[in-house]
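Worksheet: one structure, shown below.
The values are calculated or read from the model by the stated rules, or taken from the named source; none is laboratory data. These figures come from a predicted structure and were not determined experimentally. Don't worry about glycine lacking a Cβ; one is built from the backbone with ideal geometry, like all the others, and counts go over all protein chains shown. Note: accessible area is taken over every heavy atom of the protein model, side chains too, but ligands, DNA and RNA are not part of it. Shrake-Rupley method; radii C 1.70, N 1.55, O 1.52, S 1.80 Å.
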Amino acid sequence: MTSEAYFNRQTLTVLGSTGSIGVNTLDVVQRHPERFQIFALTGSTQVDLMLHQCVKFKPRIVVMADPQAALSLKDKVKSEGLPVSVLSGAQALLDVSSHPAVDVVMAAIVGAAGLAPCLAAARAGKRLLLANKEALVVGGEVFLSAVKAGGGALLPIDSEHSAIFQSLPEDPHTWDARVEKIILTASGGPFRTRDIKTLKDVTPEEACAHPNWVMGRKISVDSATMMNKALEVIEARYLFNMSPQRIEVVIHPQSVIHSMVQFRDASVVAQLGTPDMRGPIAYGLSWPERITSGAQTLDFRSMSAMTFETMDQNGHPERFAGLRLAWDALRGPAGTTAILNAANEVAVASFLSRRIRFDQIHWVVMSCMEKFAPYTPHGLDDLLDLDRQARSVSESLVQRLHPA
């Protein structure tokens, strides 16, 4: 991560602008028109929302992953008289991520689908705001090598990793000597205190009702299973070059402390804030400066007590069995983390479509990791191959649970 002051108006590509992170990014951007302008927006199928964003932010290019959605948007953009070029396809995503006119790329495409454009932005030396944790979970050293070769800046947008970054010393070369461990906080999701025996009855609607954060469906389910925290452990290992043994997770239901750093002298530095993604987004956009985000400030007079639970309390190891898979994956060959991610994506999608039960998500992921022998990837093709094979194995496991 390199430090550089940006005094000119920055040009942005927002990958996944119709998702929750993308919408919050644009909310921050509109508060600072003198600092930011939108070059490109990308989405999947939400035509009407993308049209609204085009009218408001006037991007030069829009990329829709779904070809039919692109055709529909093209007609609507034309009828509005907007000078926006509407494109579709994987190459278009790579182009807007690496375009010479772009200074900053917000990477908010959910899942492994965001890996290729993230790599393209990294190789092109962009300031890459990483909200897609899967890029590092799947890509690992391949992704970090691309960032180093491109010479750009990699800034974390996940609230936990942004909190760690804000709490660490400015000079990364001192981290190993000064830091004892990093502590990721977790809310515990909607089922932290629910009877474990009833988890088999959880519906997608219940799993998506997070008590503190407003998020997309996939990441909401990951929060409910605590797999999001497993992915964050892996991401933290690569972002901050910390050994897995120096990464800890504690449950903090109020989501006020977003994460902490414990130093060698036993002191702890924590980053606090309201549970609003506009905070870390604004920090990533303005770093090393700070700008208003639109998030509410903490009112310490009205705050309830802040509580913490370790992962061995209240049946948490059994309740959140998927969390330990992070350390299991990091002990394996480099490709193991890609297997974990792919299996989880298949399992969560199967749960959301009601093909498997909530309590079977972990079984699919664990079984895929046991059955599939990964290898160390050396580039994007290897990563995509691992992803495809793991998805195939995971789908067969879902079929075994519930034959079509």
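Some observations on this one:
- Net +/- balance of residues flanking ASN228 in space, Cβ distance below 13 Å, scoring K and R +1, D and E -1: -3
- Note on region 56-158: Cα-only Rg and Dmax are 14.5, 46 Å.
- Within straight-line cross-link reach of LYS74, aspartates and glutamates at Cα separation under 19 Å, skipping those fewer than 8 residues along the same chain: ASP48, ASP66, ASP95
- Computed 3J(HN,Hα) for region 108-116, one whole-Hz value per residue from the Karplus formula 6.51 cos²θ - 1.76 cosθ + 1.60 where θ = phi - 60°, is 10, 7, 6, x, 5, 4, x, 5, 4, glycine and proline marked x.
- Cα centroids of region 27-83 and region 269-304: 27 Å apart.
- For region 283-404, the relative contact order comes to 25 percent (Cα pairs under 8 Å, sequence separation of at least 6).
- Fraction of beta bridges assigned by DSSP in the chain that are antiparallel (%, nearest 5): 25
- Other residues with beta-carbon under 12 Å from the beta-carbon of TRP327 carry, at +1 per Lys or Arg and -1 per Asp or Glu, a net charge of +3.
- The gain in end-to-end length when the TYR375 to VAL55 segment is fully stretched comes to 110.6 nm, 0.36 nm per residue minus the alpha carbon separation.
- Taking a straight Cα-Cα cut-off under 14 Å and skipping sequence neighbours fewer than 8 places away in the same chain, the aspartates and glutamates within cross-link reach of LYS200 are GLU318, ASP359.
- Looking at the chain, the accessible area is 42 square angstrom per residue; that uses a 1.4 Å probe and ignores ligands, DNA and RNA.
- Under 12 Å, Cβ to Cβ, from VAL23 - net charge with Lys/Arg +1 and Asp/Glu -1: +1
- Checking every one of the GluC sites (Glu not before Pro) in region 129-182 against DSSP loop status and a limit of 11 other Cβ atoms within 10 Å picks out GLU170.
- Sequence of LEU73, LEU51 from largest to smallest accessible area, 1.4 Å probe: LEU51, LEU73
- Cα Rg, Dmax, the chain, angstrom units: 20.6, 64
- Label separation (GLU141 vs SER302): 5.1 nm, computed from points 7 Å beyond Cα along the C-beta direction.
- Percent carbon-and-sulfur accessible area, region 16-59, ignoring ligands, DNA and RNA, probe 1.4 Å: 53
- A straight chain from ALA177 to PHE263 at 0.36 nm per residue would run longer than the Cα-Cα distance by 30.1 nm.
- Share of carbon and sulfur in the accessible heavy-atom surface of region 214-256 [1.4 Å probe, %]: 53
- Among LEU119, LEU82, LEU93, the largest mean-square fluctuation in a Gaussian network model of the chain, built with springs joining Cα atoms closer than 10 Å, belongs to LEU82.
- For region 294-404, fraction of C-alpha pairs farther apart than 17 Å, in %: 61
- Longest to shortest principal axis, alpha-carbon extents of region 2-125, angstrom: 42, 31, 25
- Taking GluC sites (Glu not before Pro) across region 185-293, the ones in a DSSP loop with at most 14 further Cβ atoms lying within 10 angstrom of their Cβ are GLU289.
- When the GluC sites (Glu not before Pro) in region 1-86 are filtered for DSSP coil states and for at most 15 other beta-carbon atoms within 10 Å of their beta-carbon, the remaining sites are GLU4, GLU34.
- In region 286-404, the portion of solvent-accessible area held by carbon and sulfur atoms comes to 53 percent [1.4 Å probe, whole percent, DNA, RNA and ligands not counted].
- Of all stretches in the chain that contain no chymotrypsin sites (Phe, Trp or Tyr not before Pro) in a DSSP loop with at most 10 other Cβ atoms within 10 Å, the longest one is 8-299.
- Gyration tensor verdict on region 208-302 (Cα atoms; rounded if a/c is under 1.5, prolate if a/b is larger than b/c, oblate otherwise): rounded
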